[in-house]
Structures are given as C-alpha cells and as structure tokens.
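Below is one structure, written out as structure tokens; comments come after it.
The values are calculated or read from the model by the stated rules, or taken from the named source; none is laboratory data. These numbers come from a predicted model, not from an experiment. Note that we place each Cβ from the backbone using ideal geometry, even for glycine, and neighbour counts take in every protein chain shown.
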Amino acid sequence: MAESLQQLVLDTLDVKSTIDDTRLLTIPGQSQPAASHEDQITILGALNSLLSREMIVYETHEISSHALTAEGSQIVNEGSHEARVWAALPEKGQGSPLTPIQLKKQVGDETAKVGQGRAFKNGWIGKEGDGLVKLTATIQDVTQIDLQEIASTGMLKAGEKTLADLRKRKLIVQRKGQWFTVRKGSSFSTSTAKPETDLTVDMLTSGAWKTSKFKKYNFDAEGTPTEGGALHPLLKVREEIRNIFLEMGFAEMPTSSFVESGFWCFDALFVPQQHPARDLQDTFYLSDPKEALPPEPEYYKRVSMVHEHGGFGSTGYRAPWSHAESSKLLLRTHTTASSAHMLYKLAAKCRGEKVVGDADEFAHGVSTTDDAEGKEQDDGFRPAKLFSIDRVFRNETMDATHLAEFHQVEGVVADRNLTLADLIGFMRVFFNKMGIEKVRFKPAYNPYTEPSLEIFAFHPMLDRWVEVGNSGMFRPEMLEPMGFPKDVRVHGWGLSLERPTMIRQVILCAFSMDYDQPRLSSRYGINNIRTLVGHKVSIEGIESSPAVMF
Ligand code: PHE
C-alpha cells in the first residue's frame, strides 16, 4: 500500500506537476477521497519517504477538524436518541401509547433517558394518559445529519455553535488536522526504486556505483548511543577520599610537581643525608637536569645547620652536610615533599615575611583547637588542615607484580598545642568515614616524625590486622627551621590509594598487603599488575567495576 500510494503521488505529479490539496487524492484501495485525519497521516508517511529522496517537496496546512466519538458514530448509523424514541412510539390516536417502562424495554435505558427529554423539547412526542405518543408524522434528525457531515468532511457548515454543542454532548471531538500541497522535488522521477544505502565492493568492481542512486545522509538521525567514559577504580576511590577530606574541612594541596629536590623530599623533613631511602636503589634521580635551583638561602642555612650541628633543642645528626646531596633532582618518593612546601609557605608570616595574596590559600584550614579559634595571633601563625592525593615513585625493579609508582593520600594538620590524641582522633574519624571501623596504632619510626605510629585496620575477609598507613607528629627539627612558633604542632598521616581500593574492590584485592609497596598477589587470580594499571587494562573491566562507596 505504501508503495502504491507513493507511486500515485509521483504519477499525479507527473501529469499535473502539483497536488494542491492531498484531501482530494484517493488512496489506492479506498473508494472515497482521503478526507479523514487518518488518511492524511497515511499520506504524510508516503510524502516523507519521497521527501527524504528529494523526489518531492511539500507544504503543510493546519486545520482544525472534528471526529466522531463512539456514541457519535452510533448516531450516524442508528439515528439520535430522540429520533429512536420517536420512532418507537405510535402516532397519536393510532395504537396504544407506550409507558416509560415499555419504552425503556424497547430502546434501552440510555436512549430512553436521553432521548425522551429532547424529543419532548423538539415537540416530536407528547403524553397520552400514562403513555407516550408521536406528535408529528415526520421528523428531521438534525443531529444525525450534522454528524454525517462531520464524519465525511471533518467539518460542519452549520457553524461553530452547533459544533460546540455536539462537543458538549460528547458526540464529537476536536482534532488538529493537516493536509498538504505537493510539488516535484530536485530528484523527481516516477520510479520509486529504493536508493542505495551502502557503497559496496560489488558496486565498485562492476562500476554500478556510477549510475546508482544513493540515499542522502541524514545528519538529524540520532544514531546509536555512544558509551560514556568510565572511571578507573583508583580514580573512584580518589574521589571518595577527596570528599572525606573536604567534609572534614581540609584544603587540597597543589601536588603537580613530580620532580623535587633532595632538599624538599628529604632534608627539609630532617631525613638524614645517609638514610637508605635516599639510595639509588630506592629513589629515581634525574640525569638531566641533575641539579635543583637553590632554595631560599636563610632557610637552607637553618636546615643544613640542624642536620650537621643541631639547634632548636636538637643535637642534630653530627654528620657532614652535602650540598650535592641536597640539590639532586629526583622523582618524589612521597607526597610529604609537597606537604613540606606548603608548611614552609604556611610559616611565611611567622618568619616575618610580607605575604601577598595568600589570604585565601589556606582559607579552608580551619582551626582545630578552641584557643586558637582560627584567629591570627601576633606571631602570624594560622592553623591549617591540608591534604593531597597524588602519585609517588620508588625505584623498584618492575615485574609482573611490581610497579615503580603508586599513589599516596596524605593529611596534614597544623595548630597550636596539638597532641598525639588529636592525631589519633583525626585518623579514627577519617578511617571511619572510609568504612574502616577497627583501627589500631603501633609505635614506629620515621625520620621526620616523633612519635610515629603505624596504622592497622582489621580486614574482615582476611581475618587479620593489616597495615594501612603511617603517621606521626612532625619533629621540631623540621618545623622550627621553617619558622613555626614553638607551640605549633603539625601532625600528618599517609596511606596508599591502592590500599583502600584493593580492600573495596575485589579486582584490586589482587594487591598484597604491604603498605609501603602495593604488590600483587596471585591468590585472587590476577597475576599481572599490568592488567590493572597501564595500557593493557581491560576497558570492559573498568566500565563494569562497581562504584566505590565508603
Ligand atoms: N610520608 C609517609 C610515607 O610515605 C607518610 C607520612 C605522612 C608519615 C605524614 C607521617 C606523616 O609513608
């Protein structure tokens, strides 16, 4: 049918060059012109198909038309209720009048009810004794006539008032209708042969492509939906942890410099220059450029002093200071290097430096104790809560189970008179928010913190305590050369991002439990870290890995 209708449109255009009004077309297989709404919808389908091939163009004309309801259609076929009541009754004086009950039996409840009143009003029927009779020999069933007109044309010449009345009686409904004027398009032809949708190898080899008609691209088509990007599990966990820090009032530190100097990564933190962590085996050193720009000379002097000779109440390491060691460029081995930069900056006012434009930099670093109340005291110190989550590098031999880089999460709090209890309290809240409820602390050693605590969490699946982080109160040998007043304490804690990720995600459970060096263990069936990190990661795995929720 669709094809023959398209053919009809084309043939008609071929003869007349324009179809002025598609309501005058007769759809193949029908006997009447296409006057109804449905007919025009059918025609529209054919027109759009021809339009997409540029065989025709058309204009749309909007009209408001009417259609019959089921009750309206019944009236067209059987007459109005009042006409049916009239027809059922005997003429006055000829036969016995019908009682209302008899009438109901004959024409049905609904028709008797609605029709009686109207027939009375029209003067068609009247009473005789207890019964009803016809008063006129003939009637004109205007309702039926009007509805017949509407059924065939969608309109009524009698006008809007009658239409409104019929609408109110729910015999018709109003409909927006359309009809069309059609003209030849740029690719007009009377052939409805479907254009090609693909250029095939066959067409190329046979040369058929030269004469083939091709379907135009439809740039408005929606196309198949593309898959959205998915976050790697590590990134999901990073976002969760970032939110925990932000919730606790921490501000994020800038951590974009992967390359640091020995000075910032170790010396500023009072890590002895002979410390094994500084060995070539543990740290990546840069070969070009080799040397860092010198730090601020006064600070450098204080740091080298405290290492070599002591000071600020410390005896120092009493080992010769090496400038070469201090100025070596390296890939940072921990994000505490970034924390050192920020703490040094935080202490600028305490050193009496005029600080321009730092007003907002530590603005989120809300006070952690009551007495300081976040107000600046005479010595220029302002409390701060800072965090970072970023990549660090350790000179590991890379193999299937080791990478030379991982991510560290670090929190730092600076305020007056902080105690170890504050640190423990902070960490409890922090790990709690990550869903790790059972935490234990064990005394440990860090060159830059005293006391230092290792953090252990109970792993319900492994049924044992696993180390999840490291923490401590930064040493005065680190803080005082920076210029912090003596009553200022800074505590910090660090953990690897891979650790909580592996605890959360079955796939990353493949990491073993060493805190310092996230490793892979084959017990979970994944025996190559490259299936988790790097270019061999399966995108499907990333897409289907569950969202992390602490
Ligand atoms: N930098 C430490 C590490 O790499 C973590 C740490 C941060 C410890 C801050 C104490 C204070 O393990």
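For ALA164, indicate whether it is in a helix (DSSP H, G or I) and not polar (S, T, N, Q).
Details: in a helix (DSSP H, G or I): yes; not polar (S, T, N, Q): yes.
Against the criterion (in a helix (DSSP H, G or I) and not polar (S, T, N, Q)), ALA164 qualifies.
Can you find a residue in the stretch 195-206 that is surrounded by fewer than 14 Cβ atoms within 10 Å (Cβ to Cβ) and in contact (Cβ under 8 Å) with a residue 24 or more places away in the chain? Working first, answer last.
From the stretch 195-206, those surrounded by fewer than 14 Cβ atoms within 10 Å (Cβ to Cβ) are 197-202, 204-206; that's our starting set.
When the remaining residues are screened for being in contact (Cβ under 8 Å) with a residue 24 or more places away in the chain, the result is none.
There is no residue in the stretch 195-206 that is surrounded by fewer than 14 Cβ atoms within 10 Å (Cβ to Cβ) and in contact (Cβ under 8 Å) with a residue 24 or more places away in the chain.
Which one of these is more than 18 Å from LYS345 (Cα to Cα), in contact with a helix residue (DSSP H, G or I) (Cβ under 9 Å, 6 or more places away or on another chain), outside any helix (DSSP H, G or I) and not charged (D, E, K, R): ALA221, ALA230? Write out each step before concluding.
Values: ALA221 fails: in contact with a helix residue (DSSP H, G or I) (Cβ under 9 Å, 6 or more places away or on another chain).
It is ALA230.
Take TRP179 and tell me if it is in a helix (DSSP H, G or I), in contact with a helix residue (DSSP H, G or I) (Cβ under 7 Å, 6 or more places away or on another chain) and not small (Gly, Ala, Ser). Full working, then the answer.
Details: in a helix (DSSP H, G or I): no; in contact with a helix residue (DSSP H, G or I) (Cβ under 7 Å, 6 or more places away or on another chain): yes; not small (Gly, Ala, Ser): yes.
No; evaluated as a whole, the condition is false for this residue.
Quick one: is ALA292 over 30 Å from ARG428 (Cα atoms), within 24 Å of the chain's Cα centre (by Cα) and of a type in the set (A, V, I, L, M)? Even if it seems obvious, please write down each step before you answer.
Values: over 30 Å from ARG428 (Cα atoms): yes; within 24 Å of the chain's Cα centre (by Cα): no; of a type in the set (A, V, I, L, M): yes.
The answer is no for ALA292.
In the stretch 108-117, is there at least one residue being more than 22 Å from GLY72 (Cα to Cα) and polar (S, T, N, Q)?
Checking the stretch 108-117: not a single residue is more than 22 Å from GLY72 (Cα to Cα) and polar (S, T, N, Q).
Modelled with pLDDT of 95 or more, touching a Gly at 6+ places or on another chain (Cβ under 8 Å) and among the aromatic types (Phe, Trp, Tyr): which single residue out of PHE263, PHE270, PHE284, PHE250 fits that description? Give the steps one after another, and end with the answer.
Numbers: PHE263 fails: touching a Gly at 6+ places or on another chain (Cβ under 8 Å); PHE270 fails: touching a Gly at 6+ places or on another chain (Cβ under 8 Å); PHE284 fails: touching a Gly at 6+ places or on another chain (Cβ under 8 Å).
After ruling out the rest, the residue left standing is PHE250.
Only one of (1) more than 14 Å from the ligand (Cβ to nearest atom); (2) touching a Phe, Trp or Tyr at 6+ places or on another chain (Cβ under 8 Å); (3) modelled with pLDDT under 95 is not met by ALA347, so which one is it?
Here ALA347 meets the rest and fails (3).
Kindly check whether there is at least one residue in the stretch 385-405 that is without any contact (Cβ under 8 Å) to a residue 24 or more places away in the chain, farther than 19 Å from ARG475 by Cα, under 33 Å from the mean Cα position of the chain (by Cα) and away from the ligand (no atom under 16 Å from the Cβ).
No, the stretch 385-405 contains no residue that is without any contact (Cβ under 8 Å) to a residue 24 or more places away in the chain, farther than 19 Å from ARG475 by Cα, under 33 Å from the mean Cα position of the chain (by Cα) and away from the ligand (no atom under 16 Å from the Cβ).
Being assigned to a loop (DSSP other than H, G, I, E, B) and modelled with pLDDT of 90 or more: is that true of THR255 here?
Details: assigned to a loop (DSSP other than H, G, I, E, B): yes; modelled with pLDDT of 90 or more: yes.
Considered against the rule, which asks whether it is assigned to a loop (DSSP other than H, G, I, E, B) and modelled with pLDDT of 90 or more, THR255 comes out as yes.
So which residues in the stretch 60-93 are buried (at least 19 other Cβ atoms within 10 Å of the Cβ) and at pLDDT below 90, if there are any at all?
SER65, HIS66, listed by residue number.
Of the numbered conditions (1) at pLDDT 90 or above; (2) within 15 Å of the ligand (Cβ to nearest atom), ARG428 satisfies every one except a single condition; which is it?
Condition not satisfied by ARG428: (2).
Please go through (1) in contact (Cβ under 8 Å) with a residue 40 or more places away in the chain; (2) buried (at least 16 other Cβ atoms within 10 Å of the Cβ) for GLU308 and return the number of the only condition it doesn't satisfy.
With respect to (1) in contact (Cβ under 8 Å) with a residue 40 or more places away in the chain; (2) buried (at least 16 other Cβ atoms within 10 Å of the Cβ), GLU308 is out only on (1).
Can you name the residue in the stretch 43-53 that is at pLDDT 90 or above and surrounded by fewer than 18 Cβ atoms within 10 Å (Cβ to Cβ) and, of all such residues, is nearest to GLY154 (Cα to Cα)? Walk me through it before giving the result.
The initial filter retains those residues of the stretch 43-53 that are at pLDDT 90 or above, namely 43-51.
Going one step further and asking which of them are surrounded by fewer than 18 Cβ atoms within 10 Å (Cβ to Cβ), we end up with 44-45, 48, 51.
On the way: LEU44: 18, GLY45: 20, ASN48: 24, LEU51: 27 Å.
The selected residue is LEU44.
Among the residues of the stretch 263-275, are any at positive phi, in contact (Cβ under 8 Å) with a residue 24 or more places away in the chain and of a type outside the set (Val, Ile, Thr)?
Of the residues in the stretch 263-275, the ones at positive phi are 270.
With the extra rule that they be in contact (Cβ under 8 Å) with a residue 24 or more places away in the chain, the set shrinks to 270.
Filter once more, keeping what is of a type outside the set (Val, Ile, Thr): 270.
Yes, the stretch 263-275 has at least one match.
Could you please let me know if ARG475 is basic (Lys, Arg), at pLDDT 60 or above, more than 23 Å from VAL429 (Cβ to Cβ) and within 16 Å of the ligand (Cβ to nearest atom)? Full working, then the answer.
Details: basic (Lys, Arg): yes; at pLDDT 60 or above: yes; more than 23 Å from VAL429 (Cβ to Cβ): yes; within 16 Å of the ligand (Cβ to nearest atom): yes.
Answer is yes for this residue.
Looking at the stretch 7-42 only, could you name the residues that are at pLDDT below 90 and in a helix (DSSP H, G or I)?
Of everything in the stretch 7-42, those that are at pLDDT below 90 and in a helix (DSSP H, G or I) turn out to be HIS37, GLU38.
For SER96, which of the numbered conditions (1) modelled with pLDDT of 90 or more; (2) out of contact with any helix residue (DSSP H, G or I) (no Cβ under 9 Å at 6 or more places or on another chain) fails to hold?
Of everything listed in (1) modelled with pLDDT of 90 or more; (2) out of contact with any helix residue (DSSP H, G or I) (no Cβ under 9 Å at 6 or more places or on another chain), SER96 misses just condition (1).
Looking only at residues that are away from the ligand (no atom under 11 Å from the Cβ) and surrounded by 18 or more Cβ atoms within 10 Å (Cβ to Cβ) in the stretch 442-459, which one is nearest to ASP267 (Cα to Cα)?
Once the filter is applied, the top-ranked residue is PHE456.
May I ask you to verify whether GLU260 is under 30 Å from LYS301 (Cα atoms), surrounded by 18 or more Cβ atoms within 10 Å (Cβ to Cβ) and in contact with a strand residue (DSSP E or B) (Cβ under 8 Å, 6 or more places away or on another chain)?
Numbers: under 30 Å from LYS301 (Cα atoms): yes; surrounded by 18 or more Cβ atoms within 10 Å (Cβ to Cβ): yes; in contact with a strand residue (DSSP E or B) (Cβ under 8 Å, 6 or more places away or on another chain): yes.
Yes; evaluated as a whole, the condition is true for this residue.
Kindly evaluate VAL57 against the criterion of being surrounded by fewer than 20 Cβ atoms within 10 Å (Cβ to Cβ) and either closer than 20 Å to THR136 by Cβ or aliphatic (A, V, I, L, M) (or both).
On the way: surrounded by fewer than 20 Cβ atoms within 10 Å (Cβ to Cβ): yes; either closer than 20 Å to THR136 by Cβ or aliphatic (A, V, I, L, M) (or both): yes.
Yes: the conditions hold for VAL57.
Do the conditions hold for PRO297, that is, is it more than 46 Å from the chain's Cα centre (by Cα) and within 16 Å of the ligand (Cβ to nearest atom)? Working first, answer last.
Numbers: more than 46 Å from the chain's Cα centre (by Cα): yes; within 16 Å of the ligand (Cβ to nearest atom): no.
For PRO297, the condition - more than 46 Å from the chain's Cα centre (by Cα) and within 16 Å of the ligand (Cβ to nearest atom) - is not met.
State all residues of the stretch 130-167 that are in contact with a Phe, Trp or Tyr (Cβ under 7 Å, 6 or more places away or on another chain) and surrounded by fewer than 16 Cβ atoms within 10 Å (Cβ to Cβ); if no residue qualifies, say none. So that I can check it myself, show each step before the final result.
Our first condition is that a residue be in contact with a Phe, Trp or Tyr (Cβ under 7 Å, 6 or more places away or on another chain); within the stretch 130-167, this holds for 134-136, 139.
Answer for the stretch 130-167, where residues must be in contact with a Phe, Trp or Tyr (Cβ under 7 Å, 6 or more places away or on another chain) and surrounded by fewer than 16 Cβ atoms within 10 Å (Cβ to Cβ): just THR136.
Could you list all residues from the stretch 207-236 that are at pLDDT 80 or above, among the small types (Gly, Ala, Ser) and surrounded by 12 or more Cβ atoms within 10 Å (Cβ to Cβ)?
ALA208, SER212
Search the stretch 174-193 for residues being in contact with a Lys or Arg (Cβ under 8 Å, 6 or more places away or on another chain) and modelled with pLDDT under 90, and hand back the single one that is surrounded by the fewest Cβ atoms within 10 Å (Cβ to Cβ).
ALA193
Restricting attention to the stretch 312-344, which residues are assigned to a loop (DSSP other than H, G, I, E, B) and within 16 Å of the ligand (Cβ to nearest atom)? If you could, list the steps in order and put the result at the bottom.
Step one: list which residues in the stretch 312-344 are assigned to a loop (DSSP other than H, G, I, E, B), which gives 312-313, 315-322, 332-335.
Passing the criteria: ARG332, THR333, HIS334, THR335.
Which of the residues belonging to the stretch 51-81 are closer than 27 Å to GLU196 by Cβ, in contact with a Ser or Thr (Cβ under 8 Å, 6 or more places away or on another chain) and not hydroxyl-bearing (Ser, Thr, Tyr)?
Within the stretch 51-81, the subset closer than 27 Å to GLU196 by Cβ is 51-58.
Now drop any that are not in contact with a Ser or Thr (Cβ under 8 Å, 6 or more places away or on another chain), which leaves 53-55, 58.
Within the stretch 51-81, ARG53, GLU54, MET55 meet the criteria.
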